[in-house]
Amino acid sequence: MLLTLLFCALFAEWVTPYDPLQQDLINALQGPSVEHWLGTDDLGRDVLSRLIFGSRIAVIAPAEATGLAVLIGVPIGLFIGFRGGWWDWVVMRVVEAVVSIPGIMVAIVIIAILGTGLHRAMFALGILYSTAFLRLARSVVLTEREEVYVKSARVIGAGPTRILLRHIFLNIAPPLIVQVTLTVGAVLLAEAGLSFIGIGVQPPQASWGTMLNSAASFMELSPFLAVPPGIAIVATVLAVNLLGDVLRDSIGRGVRVPSTGAPAQRMLAVPRKATTPMAPHPDDALRVEGLEIMVSPKGEAEVPVVTDMSFRIAKGETLGLVGESGSGKTVTGLGLMGLIGTGVRITNGRVMLENTNLLGLDRRDLEKARGNDVAMVFQDPTTSLNPTYTVGNQIAEVLRIKQGLSHRAARDRTIELIDRVGIPRPAQQADAYPHELSGGMAQRIAIARALSCTPKLLIADEPTTALDVTVQQEILDLFRDLQDEFGMAMLFVTHDLAVAADICDRIAVMYCGEIVETAPVDALFADPRHPYTAGLLSAMPHGQSGKPPLPVIRGSVPAPGHWPTGCRFAARCPYAIDACAKPVQMTGTDRLERCTRADELSLEPAK
Amino acid sequence: MLRLIGQRLLAMVPLLLIVSVMTFSFTALLPSDPVDLIIGDRGSEEQYEMVRERLGLNQPFLTRYADWLLRAMTGDLGTSFFNSVQVKDAVLQRMPATLSLTFGSVLISITVGLAAGVAAGLRPGSWVDRTATFGATIGQAIPNFWFGIILASVFAVSLRWFPATGYVPLTDSPMEWLRSITLPALALGLSTSAAIARQVRSAMVGVLQQDYIRAARAQGLSSRRVVLKHALKNALVPVVTVLSFQITVLLGGALIVEQVFAINGIGSLAITAVRQQDIPMIQGIVLILVLVVMLVQLATDILYGLINPKARPT
Ligand code: SF4
């Protein structure tokens, strides 16, 4: 497209079928015909020829104006960037003033001084758009100066000014190129506009803008006249803008770290025999059976992130779901609520909340169950509250929608709840915005909101991890108090065994998307049955000693899709034998573990 | 909030001063002598001096500026060189048409931009998204006046749904007023709609990935409510910023679109003034336009504070 334009502009004399200025009043305002492909205008001139000659202006005009804008803007921008102080202040105020006047008006005033005509109009646009280049150059100098002076404080050698100059020339090019394409597009539009209102290119010279001007006057007689020059402008601007987008993207990509090559071979989940279904128990608040969650990363095959996940939580009980990051514990928590995002799906299993399978609910029933029957507290309280509403509003909203409370009643109950989670001056704090609260306070609010509808199950996803150490304990105590009062079951997701030990009744240890061991807290600490659990226990910082936790488990957690078919811990397990290469089932009765050697090994308890 | 408004109003003063100095000195650079234009070639020497005297052109530059500034502060922007019309009256008389157009286009671009942006942002990569993004790219490449011509020839000339030309003041007939500005406002609002749609789309995509959206869903609020109440308010923040930038674009664009629809607004006033080198008129127009821009930007600042509590002064 742009090449065609350039070609037309260069060879206009040879390409055009007619002289663009040759008048033929008898054949004025003709529609398209064999002789005149795009018809004739009000003076009988050939539209196609004028269009082609107009392309010459469409090339010259942006070139002139953009060139001038760069020539004026960049040096001044560099200068004030370097010089700073008074110069900088004055020039920037002038720029601000220019920018606050509508651009066309600035151009009109400048044209008033210089007179009408293409080159003068382009001079005006050049001055106008130089402000953009000025700002760009200035900001590049300022950022680079910061960086270079910080660095050169350490590196002695070449003077900082020389380094700075080199840095600036390296860094200014990409944004400059993008800005040039933006400006070319803007100039094209502005030139057409100015010519259209008769103060740019002067008739009889052909420019797309002047062609549109005469087209507008003959709108009733020949509506087609407006089409060719308009399409020409749109197509050209579009081409320039798209070029700009492409440039911006490719420049942007150069900066971004390229994603590391696709994993060579990925191990798909080998279908395994699921653990025998658990018998329902009247005390169960939650029973998860054989949950399986798959993720499809962009453009790659689906891989499992959670497999054969089964556990139960009794009413009023707290189960800790413990594992390193990447073990699938968070996605399990979200999966229970049906809150997994796009590209993730639950492929198997049941989530029985008392007698309903949450996974079997349709969207509306699931929405009803969330909040009322099961609620969630997230890791970072400062991001899990909406920054644009007051915290009281966010709690009251839930009470109104889910419990049908009136505005008044919701407000009163909200203040009660805020008071209950231990926030002083609750009525006042209800009107605070999330950013006005400390992390601990915000988390209390999030807890109050989660408990507002007295759910049967509360899922807490690392609720203390983002908080200050001193606040962590308070929040844990709060959870315990509230559980005594509200009687809900809790699923407490954490990577921190110490936290889990503090608050949980039982712990389920997760590794690579599956539970490897479940046991009451005391039993787990005193007598770990799975080598991974033992590894985690020995990695815990113990007592007051504050010594670095040793020994650490060697190696790292394999990513989903790279799990071994046998025991997923085998590569890191000091006790691995040949038998571990086969899939391992959960075994045991009151406590469960997933290790072929669970019975024979005697592992070190927590210190 | 009141203090913020006060501060912003105060901050406008130096900017207005700079604009006035700039326009004043630029217009002093005018190459031709306005007196020649007024009395023509055949004026005598005395006539010439008389006119110069009357216009105050025999005074030194600074005196003229100080004089003009003092009177401008009392709201007197001088009289046109060519007819004894008060500049202020002329501008104020033309303003309603231009402002109607501009604000009409603001309304249109907010509505269209929000709708398209939200629809696209909800499902990135879907056909809705691709259509909207494609439309926005085209929309930003179409000159507003050409779109105006097309709209006029289709809806006014061929279909006769709207008048092709002219402006009917709101006070004369609200219905006709609406009809007279619909097409021009549509033409003018196209590129801003596209700009807003792009912003809303990317803001929406970002906001929907936020924790608080997931938390609101976890609380069992319906998707509709989550999108319209929780996500939209956050996605509006960048829209307000775009709008405050776009207002100069729209006002400038209005000057041109007015010509398509033969609306007697600031556009034709400015073009005539430039052709006649009517210095006081040009100065007055620029000053009042800048004032309008600043007031609108003040309004968007306040709006910004309303939807983004973090930006509020504490
Ligand atoms: S099954 Fe084998 S490899 Fe896996 S934890 Fe047990 S002993 Fe280690």
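The values are calculated or read from the model by the stated rules, or taken from the named source; none is laboratory data. Note that the structure is a prediction, hence the values are computed from the model and not measured. Every residue, glycine among them, receives a Cβ derived from its backbone with ideal geometry; neighbour counts consider all protein chains shown. Protein only, heavy atoms only, side chains kept; ligands, DNA and RNA dropped before computing areas. Shrake-Rupley method; radii C 1.70, N 1.55, O 1.52, S 1.80 Å.
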task: Would you be so kind as to list the residues of the stretch B:135-151 that have their accessible area lowered by at least 10 Å² in the full protein complex compared with their chain by itself (1.4 Å probe)?
output: B:Thr137, B:Ile138, B:Gln140, B:Ala141, B:Ile142, B:Pro143, B:Phe145, B:Trp146, B:Ile149, B:Ile150
field: Length added when fully stretched, A:Ile577-A:His435, from 0.36 nm per residue minus Cα-Cα
entry: 45.8 nm
message: Which order do the peptides A:564-576, A:95-107 come out in when sorted by mean C-beta neighbours inside 10 angstrom, highest first?
response: A:95-107, A:564-576
statement: From the cross-link list A:Lys368/A:Lys456; A:Lys298/B:Lys229; A:Lys402/B:Lys229, the entries with a Cα-Cα span beyond 18 Å are A:Lys298/B:Lys229
- request: Please identify which residues in the stretch A:388-412 have an amide N closer than 17 Å to a label point set 7 Å out from the Cα of B:Leu306, following the Cα→Cβ vector.
  value: A:388-390
Cβ neighbours within 10 Å from other chains - mean over A:383-392: 6
Label-to-label distance, nm, for residues given as A:Leu176 and B:Leu170 (7 Å Cα→Cβ offset): 4.8
- prompt: Once you average over the residues of A:360-367, how many Cβ atoms of partner chains fall within 10 Å of each Cβ?
  reply: 2
statement: Ordering A:131-137, B:242-248, B:4-10 by per-residue average of other C-beta atoms within 10 angstrom, highest first, gives A:131-137, B:242-248, B:4-10
query: To the nearest 0.05, what FRET efficiency results for B:Ser126 and A:Asn355 with a Förster distance of 30 Å applied to their C-beta separation?
result: 0.20
- line: Expected field for B:Phe147, accessible surface area in Å² at 1.4 Å probe radius, rounded to 10, holds 50
message: Could you compute how much accessible area chains A and B hide from each other, both sides summed, with a 1.4 Å probe? Nearest 100 Å² is fine.
response: 5900
- prompt: In nm, what is the difference between 0.36 nm times the number of residues separating A:Glu324 and A:Glu604 and their Cα-Cα distance?
  reply: 98.8 nm
task: Just tell me how shielded A:372-378 is by partners: mean number of partner chain Cβ atoms within 10 Å of each residue's Cβ, no decimals.
output: 3
